[in-house]
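K.L.:
What follows is a structure written as structure tokens; I'll ask about it next.
None of the figures in this text is laboratory data; all of them are computed from the coordinates on show. Bear in mind the structure is a predicted one, so any value in this text is a computation, not a measurement. As a convention, Cβ positions derive from the backbone with ideal geometry for all residues, glycine included, and neighbour counts pool all protein chains shown.
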Amino acid sequence: MRDVQPRVLLVLTVGVLAVSTAAIMIREADAPALSTAALRLVFASAPALALLPLRGRRELPALGRGGIGWALLSGLCLALHFVVWIGSLELTSVASSVVFVTTSPLFVAGLSAARGEPPARGMWLAIAICLVGGLLIGGADLARGGAALWGDLLALAGAFFVAGYFEIGRGLRASISLTTYTGLVYPAAALFTLVIAVTARQPLSGFNQKTYLLLVLLALVPQLIGHSSLNWALRYLSAPFVAIAVLGEPVVSTLLAVFLLSETPGPLAIVGSLVLLAGVWLALRAERAVAVPLSAPDAAAVATIVTPTGE
């Protein structure tokens with residue numbers, strides 16, 4: 001088996017760093033959880049829809065109703081992920097919320113195995129180590145109980161939904177381009193979250209200038225750069241590995257929370273972060289997927305992400 005292409009790992013790293021900024025922006029935005037989730041996806045959907053015709057004209061007819069249905073289901077999973085995870089940030093700490101939502105590799109591994117793409121033995125070990133690290137980081141909230149515990153449970157539900165999102169994305173990205181996939185999934189997720197927000201009578205306007213700026217940045221950085229980079233990588237890497245790589249998010253988010261929100265992690269959180277990073281390293285060693293050659297359109301897409309002027 002050949003090693004994973006460095007360019008693929010670079011884009012994956014960019015994606016992890018970008019999504020790691022989300023928790024801080026959400027905490028700083030003065031908007032309800034459902035409003036934040038809906039507007040983040042609405043703002044991200046505009047450029048995604050604008051790019052859809054690039055390859056969508058040719059790929060959508062070949063995708064068929066079944067494929068489009070799977071894309072809509074992926075959008076629903078993404079919408080529910082944001083709804084419950086952003087809600088968890090109102091009840092618990094950034095560190096605990098992000099850690100519990102990134103237990104998704106366990107769910108992804110199970111779904112991959114059910115789909116006939118079981119993770120390598122070393123990947124299961126990496127998942128177990130990552131989960132131990134996550135429990136260490138979130139252990140303080142488990143001891144506190146109350147609202148913090150409910151926040152952790154919401155984040156855990158978010159992990160389940162994002163696992164479905166990654167697993168469906170892995171299947172669809174094998175046959176369609178990134179622009180077609182995101183052009184279907186992001187608007188579908190936006191529509192679902194809008195329906196949920198309106199049903200719950202949550203406001204979609206009337207926020208202050210800082211909040212609108214943060215919502216736009218949420219759409220630009222964690223969503224368009226972060227999630228799109230992860231979705232791009234799903235064509236070349238296994239879904240469990242991508243999900244494990246995202247476990248770098250709680251470490252980065254916790255560091256940002258220290259400097260920006262004065263949320264200082266305790267000794268368990270520090271030890272847990274080190275254990276978690278060790279699990280990510282083991283996952284990289286266990287990733288045995290054959291490196292898939294970059295197609296011309298995807299090579300151009302990654303060049304744009306990595307260097308705006310190309311190579």
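K.L.:
Between residue 204 and residue 150, how many nm apart are label points set 7 Å from Cα along the C-beta direction?
P.N.:
Distance between the two pseudo-spin positions: 2.7 nm.
K.L.:
Between residue 220 and residue 274, 0.36 nm times their residue separation minus their Cα-Cα distance comes to what?
P.N.:
Values: separation 54, 0.36 × 54 = 19.44 nm, distance 2.96 nm.
Once the chain is fully extended between residue 220 and residue 274, it gains 16.5 nm.
K.L.:
Once you place label points 7 Å from the Cα toward the Cβ at residue 58 and residue 28, how far apart are they in nm?
P.N.:
For the pair residue 58/residue 28, the computed spacing is 4.2 nm.
K.L.:
Can you tell me the order of 171-180, 219-228, 73-82 when each peptide is scored by its average per-residue count of other Cβ atoms within 10 angstrom, highest first?
P.N.:
Descending packing order for the listed peptides: 73-82, 219-228, 171-180.
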